1. From the alpha carbon gyration tensor of the protein assembly as shown, can you work out the equivalent ellipsoid semi-axes (sqrt of 5 times each eigenvalue) and give them in Å, largest to smallest?
2. Between Rg and the Kirkwood Rh of the range A:3-65, both from Cα atoms, what is the Rg to Rh ratio?
3. Which percent of the accessible heavy-atom area of chain B goes to carbon and sulfur, probe 1.4 angstrom?
4. What are the radius of gyration and Dmax of the range B:74-218, computed over its Cα atoms and given in Å?
5. Report D for the range A:240-325 in µm² per second (integer): Stokes-Einstein, Kirkwood Rh on Cα pairs, 25 °C, 0.890 mPa s.
6. Using a 10 Å cut-off around each Cβ of peptide B:276-288, what is the average number of partner chain Cβ atoms that fall inside?
7. Hey, can you find the accessible area per residue of the protein assembly as shown for me, probe 1.4 Å, expressed in square angstrom?
8. Need one value for B:138-147: mean number of C-beta atoms belonging to other chains within 10 Å of its residues' C-beta atoms.
Amino acid sequence: MNVADKLVAMVLALAAFAVVIGLILFVVSLLERRGARRVAWFFVGPTVLLLIVGLLYPAGRTVVRSLFDAAGSSFIGIANYTAIFSSPDQLVVLRNTVLWVLVTPFVATIVGLLYAIWVNGARGEAVAKALIFLPMAISFVGASIIWKFVYEYRFYDPDVRVNPEQIGLLNQLLVWLGLQPQQFLLNQPWNNLFLIVVMIWIQAGFAMTILSAAIKAIPMEITEAATLDGVSSTQLFRYVTVPAIRPTLVVVLTTIAIGCLKVFDIVRTMTGGLYGTSVVANEFYTQSFTAGNQGLGAALAVLLFVLVIPIIVYNVRQLRQAEAR
Amino acid sequence: MTTTPPPIQVVLPPANGTGDVTSTLRATKRRLTSPWATVAAIVLATVWTIPTFGLLVTSFRPAADINSTGWWTVLTNPNFTLENYEVVLATDSSQSLLPFIINSVVITIPSVVLPIFLATLAAYSFAWMQFRGRDALFVAVFALQVVPIQVTLIPLLTIYADIGVAGTFWAVWISHTMFGLPLAVFLLHNFMREIPGELVEAARVDGAAHVTVFFRLMLPLLKPALAAFGIYQFLWVWNDLLVALTFAGSSNQVAPMTVALFNLTGTRGSQWFLLSAGAFVSIIVPAAVFLALQRYFVRGLLAGSVKG
């Protein structure tokens, strides 16, 4: 297919879609004219159908499949799940996932919160925010390439007088400081933290935007009163700002935590999950598509599902409480 | 933001006792944005920007230079070229990324349009129509946001193979549509409920059919919400790797930019001249969309997360 063919295929698809929608609406208006009242299913039907085919049925299949062996032919009960919690390789995957979920949300939120406060009401606030927020628009693949280049390592031998120049910024900084360059993405277990940095870099902008909106929504009277009482800016932050935006903080933390559970692109692009950096979402892909272990892959996907649920339940409960107050 | 003066003029000077007595409001602001805060903000913004800036500079350097010296050496020894971009955007070369850029466009447009339309219809019926099981169904759709797409990939791949669309644009379009629907229905429903009910009821009493109400009343009022979700879905689809990798394969027939760049990072030996230029071509589109429509995007983000 050349360029024209692809574009034609796209336009045809859009036209076909328009025809289907048009037909649905036409039938609805015919029925309505005849006095039929139950036309709602024509509106909601396509969505419900797609969700059953695309989410509900596959999810059920995957749960079943997680109880079968690598080839998907014989039933093995919960053996795939016990494998996840007992094999040394899989335990590293779990450890890394926990590390991602514990470190990223807190650091990203703190950075985002501080920055939101620092630039709040400052001149050029919009530009300052865009600088931090822009990584959100970049794909995880693009972000990974950007950071791979920061971490880039050139062979270095302390015994040789003239070594090649470093082209990665971080290693050059080490050289300038008189230290030896490091293989940031290879040295375990620290390489996990260097991958996490990429996620923090992306998510801080998200945290900053949401928290900034929450801070601006704090009634001016409260901050005014506190200022009149002579509190310092640290006290203002501790006793006024943070309590006032607590529900939003919970939302931001949990949203980033869920993002971290599902993180795939960064790990895949930067290390491929090698050198002890794999996480559940990446291991799912490896087991399902390259290692050919369908059962274990399915179990990892289900595990991901199970891990997401308590975070969302906590999130919704916090929101309910905030609304009830 | 308009700064309304406080209703009661404060005569006492603020506790820190500096010049402007009347406006405690401004004093509050000053407290929060001290010189140190400004310095810290500038440092953070710089640290956040340098990685991207470094790769941008790199994309304009000759391949030989990239592999031998750091990008910061251009400060003392400037040497720029457009060669990397010429290779990446060439119409006839094995290293060209152009087919993948086209694929990204072809994938993204229907993947944004389809879920928006379907979700608007569904959200309308959830918001303004009466039918049995409506509330339960809405909760179910809302709850489906929890399902990670990993859970669905392999069974879907089997379905696509059975109906013969595996490895075509159709598989990618349909997948993105299905995955985007729960959030779209939820967001659009929230916006739609904010439209005063009297408006819809008045139209219905006047004898307007649902189709008329949908097109004449809802769509115009929903424009900001549609834009918000559209941008959200656009960024998500354009930046996606997992769905594309699973359903589009790696050939330049269907695979988007993200897959092409991902494959480049896997090849041994550093092709930084291709990677840097390619990354910037793929970044420029979402960044431009984001900067142009930032207000809508943030609004969508806030509606999605704060209401949650």
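The values are calculated or read from the model by the stated rules, or taken from the named source; none is laboratory data. If you're wondering where the values come from, they're calculated on a predicted model, not measured in any experiment. No Cβ is skipped: glycine too gets one built from the backbone with ideal geometry, and neighbour counts run over all protein chains shown. Ligands, DNA and RNA are stripped out before the accessible areas are found, and what is left, the full protein with its side chains, is counted by its heavy atoms. Shrake-Rupley method; radii C 1.70, N 1.55, O 1.52, S 1.80 Å.
1. 39, 37, 25
2. Radius of gyration relative to Kirkwood radius: 1.17.
3. Using a 1.4 Å probe with all protein chains present, chain B comes out at 66 percent carbon and sulfur.
4. Looking at the range B:74-218, its Cα Rg and Dmax stand at 22.6, 75 Å.
5. It comes out at roughly 167 µm²/s.
6. Rounded to a whole number, the mean comes out at 4.
7. 45 Å²
8. Working: counts 1, 0, 3, 5, 1, 2, 6, 3, 9, 11.
Taking all residues of B:138-147 together, the mean is 4.
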